[in-house]
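Here is the structure we will look at, set down as structure tokens.
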Amino acid sequence: MAVKTSGRYHRPVKSKPVPGWYGLFLRYLPGWIILAAALSILLPNAGKVTLDAAGRVLAEVPRWINNLFNNHTVIAPLFTSEVEYWDTDIQRWATENDVDPNLLATVMQIESCGHPTVSSYAGAQGLFQVMPFHFSMGENQLDPDTNAFRGAKFLNYCVNYADGDVGLALACYNGGPSVVNKAYAIWPNETQRYYVWGMGIYADAANNRSTSDTLNRWLAAGGSGLCQMASDELGI
């Protein structure tokens with residue numbers, strides 16, 4: 001309402017509004033003070049994060065970005081989470097080396113359950129448990145890409161050597177090409193088990209099943225321990 005003064009009407013003087021951001025600052029000033037106090041306590045502890053941990057985080061950024069745009073999985077949904085962790089890499093490695101992704105995932109499942117730095121008593125290395133003689137001099141045997149290249153290349157060779165017979169290709173991968181031309185009964189026990197586990201898991205994967213009784217038996221027979229080690233290594 002207008003105010004009458006000396007016979008003339010004057011509109012009341014309005015105070016200049018406080019800028020929005022400044023007003024918000026004043027309004028929440030107690031909260032800012034509390035936040036500053038909390039940060040003064042937390043930041044020194046945050047500074048204790050090791051360079052190694054920071055390096056691991058940075059190394060995972062490309063994978064996180066890739067997963068934002070690749071929400072589908074290439075391999076069958078039955079594989080353990082440690083193998084699924086490598087899904088997009090398995091697709092790339094399989095494409096580069098002309099190998100069935102589910103077959104490559106089956107080999108990874110049995111060999112390492114996705115553990116990138118595991119070694120066997122026989123000297124086999126990494127994700128695909130590749131023997132040292134498959135690598136060239138100077139190659140990092142535990143580098144995932146290098147290990148996958150050598151493992152997938154040998155698997156491709158085994159598939160061709162076995163004329164496309166997946167079971168024989170798996171036996172070849174485990175026991176060497178010589179077992180392909182021998183009777184199952186005289187294969188080493190390890191190769192026989194590898195054939196049974198591999199064929200059962202792969203058959204279920206090829207049918208895109210969400211579960212595999214063979215995989216569950218493999219886990220119960222000792223595979224779960226390997227997968228726990230892989231999970232700890234991958235931080236999942």
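Just so you know, all these numbers are worked out from the coordinates, no wet-lab data involved. None of these values were measured; they are calculated from a predicted model. Here the Cβ is made from the backbone with ideal geometry for all residues, glycine too, and neighbour counts use every protein chain on show.
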Sort 160-172, 142-154 by packing, meaning the average of other beta carbons within 10 Å per residue, with the highest value first.
142-154, 160-172
Jot down the radius of gyration and Dmax of the range 95-236, Cα atoms only, both in angstrom.
14.5, 42
